[in-house]
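Comments concern the structure below.
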Amino acid sequence: MNWELSSATEHRCPCGQGGYTVRIFVDDWKRAEEQWEMNCPKCKRKYLLHSHTDAKSGMPLQSNRWVKRETLSRVFRVEAQVAKARMNVVNLATSRYETKWLAYFKEAKSKKAAWQRLTDGGRRFPSLAAFYCHTAKMDLEAYLLEQFNFDNLPIIVEKVGGGDRELKKQLGEVKELDLKLQISKTQLLKDGFH
Ligand SMILES: [Zn+2]
């Protein structure tokens, strides 16, 4: 693929003493790509380029901005905390309820009855058609083990965990951390310079 420089514009940097260059490259199919380069040594030490993809509006929209290194580190730190907390709660749930979870479905008389248990009679995903499709491709037990995941933990706690308070508390903590992460990500974009 041939990328050709189509334009280069200079912009003022965050500290105001220098600038950064935005180059736009276009390929044979008229696809465009931006390249940002910081020219100010002071801002180069303080800022990193951050690309944000917003998929909310259907078409993924990418936007670039300069963000402070320490703000980005904070986001990464919280992200790691969330990942660790999620893993811990899944591990705890696995050690306590994985066997019970499988047994709960073994009691079901048919595949359809297993699906009804999994979805509370169709109140949740997957649809019956999707369930049949998944379990035609893989063993039912393997599928159910796959369903023993973080997103299904509230269901697992309710169905086979007897409302396990410790797990519920940990899930609440993950939720709080997740919220903290969303806030720090929003802050990162808000403070970003462009
Ligand atoms: Zn600067």
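All of the numbers you see were taken from the coordinates with simple rules; none came from a lab. The structure presented is a predicted model; accordingly, all values stated were derived computationally and were not measured. Cβ: placed from backbone, ideal geometry, glycine included. Neighbour counts: every protein chain shown.
Of Gly161, Gln187, Met38, whose Cα points farthest to the positive end of the dipole of the chain (charges on the beta-carbon: +1 Lys, Arg; -1 Asp, Glu; origin at the Cα centre)?
Positive-end residue among those listed: Gly161.
So if I take the centroid of the Cα atoms in region 132-164 and the same for region 88-130, what is the distance between those two points in Å?
Centre-to-centre (Cα) distance: 4 Å.
What is the spin-label model distance, in nm, from Asn39 to Val22 if the labels are put 7 Å beyond Cα along the C-beta direction?
That separation, rounded to one decimal, is 1.5 nm.
Exceeding 32 Å between C-alpha atoms, which entries from my cross-link table qualify? They are Lys84/Lys190; Lys106/Lys185; Lys46/Lys168; Lys42/Lys180.
Lys106/Lys185; Lys46/Lys168
Quickly work out the Met59-to-Asp151 label distance, labels modelled 7 Å from Cα along the C-beta direction, and quote it in nm with one decimal.
Between Asp151 and Met59, the label points sit 2.7 nm apart.
Determine, for Asp164, Asp151, the number of other Cβ atoms within 10 Å of each Cβ, and report the residues in order from fewest to most.
Result, fewest neighbours first: Asp151, Asp164.
Cα convex hull of the chain: mean projected area in nm², to one decimal?
Seen from a random direction, the Cα hull of the chain projects 15.7 nm² on average.
What FRET efficiency comes out for the pair Arg165/Glu98, r = Cβ-Cβ distance, R0 = 25 Å, nearest 0.05?
The computed FRET efficiency comes out at 0.85.
Label points 7 Å out from Cα along the Cβ direction at Lys180 and Trp29: separation in nm?
4.3 nm
With r defined as the distance between the Cβ atoms of Ala83 and Leu48 and R0 fixed at 30 Å, what FRET efficiency is calculated, to the nearest 0.05?
Working from the Cβ atoms, E equals 0.90.
What do you get for the angle between helix 165-191 and the principal long axis of the chain? Use alpha-carbon atoms, 0 to 90 degrees, nearest ten.
20 degrees
For a Förster distance of 41 Å, can you work out the FRET efficiency between the beta-carbons of Ser6 and Glu70, rounded to the nearest 0.05?
The computed FRET efficiency comes out at 0.75.
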